[in-house]
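> Please find one structure pasted underneath; my questions will follow.
Nothing in this text is a laboratory measurement; each read-out follows from the coordinates by a stated rule. If you're wondering where the values come from, they're calculated on a predicted model, not measured in any experiment. For neighbour counting, all protein chains shown are included, and Cβ atoms are generated from backbone atoms with ideal geometry for every residue, glycine included.
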Amino acid sequence: MDDNEILKRIKSGDAGAIREIIKKYSAVVYNHARSFLRNEQEAEDVSQEVFININKNIKKFRGDSKLSTWIYRITVNACKNRLKQMKRHRARLMEGDSGGNAEDNKLEKMAERIREKEEKEPDNLFYGNVLKEAIMKRIGELPEEQKSVIILRDIDGLAYDEIGSVLKISVPAVKSKLFRARESLREKLEKDGIL
């Protein structure tokens, strides 16, 4: 069933039509949220939040853009909000931490060195997964706008005009942000010895 048909059913009062949207877009929303947040549980929570928002607001959808673009926009905004919540939560935890922080930092640095060593060993069976994880980690460190544009283009495969609609920016701005995001990512990966 195509999006226009689903929308007609919703506008005519068919409460079950929302399930068609969930069925059609649940994997897309979840995968985008997981790429953006790099956390499966958070991605599941955000996905549920996105579909609750869609259910509440679908009757307000005017059709100025494609349904998929509207859903991406809701997903991107939900991911940005969740990321802010996660950062605030981490900051509160760090403020409340009394003394154990130095030891945690040592453990984190040790784990990081082990990950780096694994990445550089060519006979590692998990090299592909480690490499992907390293790239996703570095994407996660990009500023929000760069992260959004690189995920939407290089991971989700959206066209420039769709990305512009989702982020509410022009196509030249999309291209510019994507160029800067790729350059920043390349520099980070070169420092890591991955490129």
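> Cβ under 15 Å from Gln48's Cβ, Gln48 left aside: what net charge do those residues give with Lys, Arg +1 and Asp, Glu -1?
Local charge sum for Gln48: 0.
> Cα-based count: Lys pairs in the stretch 1-96 below 22 Å, eight or more positions apart or different chains?
For the stretch 1-96, qualifying lysine pairs total 23.
> Gap in Å between the Cα centre of the stretch 149-174 and the Cα centre of the stretch 29-72?
If we compute the Cα centre of each part, the gap is 16 Å.
> Pairs of alpha-carbon atoms within less than 8 angstrom and 6+ residues apart define the contacts here; what relative contact order does the stretch 28-80 have, in percent?
Result for the stretch 28-80 is 46 percent.
> To the nearest 0.05, what FRET efficiency results for Asp45 and Ile169 with a Förster distance of 35 Å applied to their C-beta separation?
The computed FRET efficiency comes out at 0.80.
> Let me know the volume per residue of the alpha-carbon convex hull for the stretch 1-96, in Å³.
That works out to 97 Å³ per residue.
> With r as the distance between the Cβ atoms of Arg182 and Arg73 and R0 = 22 Å, compute the FRET efficiency 1/(1 + (r/R0)^6) and round to 0.05.
Details: r = 23 Å, r/R0 = 1.02.
So, using R0 = 22 Å, E works out to roughly 0.45.
> Hey, another quick one. With r as the distance between the Cβ atoms of Glu190 and Ile22 and R0 = 45 Å, compute the FRET efficiency 1/(1 + (r/R0)^6) and round to 0.05.
After rounding, the FRET efficiency stands at 0.65.
> Could you list the residues of the stretch 54-90 with an amide nitrogen less than 18 Å from a label point located 7 Å from the Cα of Met1 in the Cα-to-C-beta direction?
Correct set: 54-61, 67-68, 71.
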